[in-house]
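Values quoted throughout were computed directly from the atomic coordinates according to the rules given, and no laboratory measurement underlies them. In this text, all values refer to a predicted model and were calculated from it rather than measured experimentally. Cβ placement follows ideal geometry from the backbone for every residue including glycine, while neighbour counts extend to all protein chains displayed.
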């Protein structure tokens, strides 16, 4: 099933690096730190110094960093991808399963 999104709030962040779409972003405009907090999920490819739209509330499409089960609690993994929670901060819940690293899945963003 293709990933959908129902974003309730999308905010701009000044990109501090080249950012691909569907990755976890911090308020500083960089990829979020693994196991740490995130501001939201990037919605498009962005160059340095450009206002990047970031989904911060609702559901969005995120890139999985590994196999993820539907309804799993997710944390930020390497490279801004979301992975099943191990020891980090829960930032989202999987609305659908991911079969492999790089799969695009719908996630519910959690504050």
Task: 18 Å tail of the calculated P(r), region 49-99, as % of Cα pairs - done: 28 percent
Task: Calculated mean projected area of the Cα convex hull in nm² (choose from (i) 5.6; (ii) 6.3; (iii) 8.1), label - done: (i)
- [ ] Arrange the peptides 3-13, 34-44 so that the one whose residues have, on average, the most other Cβ atoms within 10 Å appears first.
- [x] 34-44, 3-13
- [ ] Evaluate the relative contact order of the chain (contact order divided by residue number), counting alpha-carbon pairs under 8 angstrom at least 6 apart; express in whole percent.
- [x] 27 percent
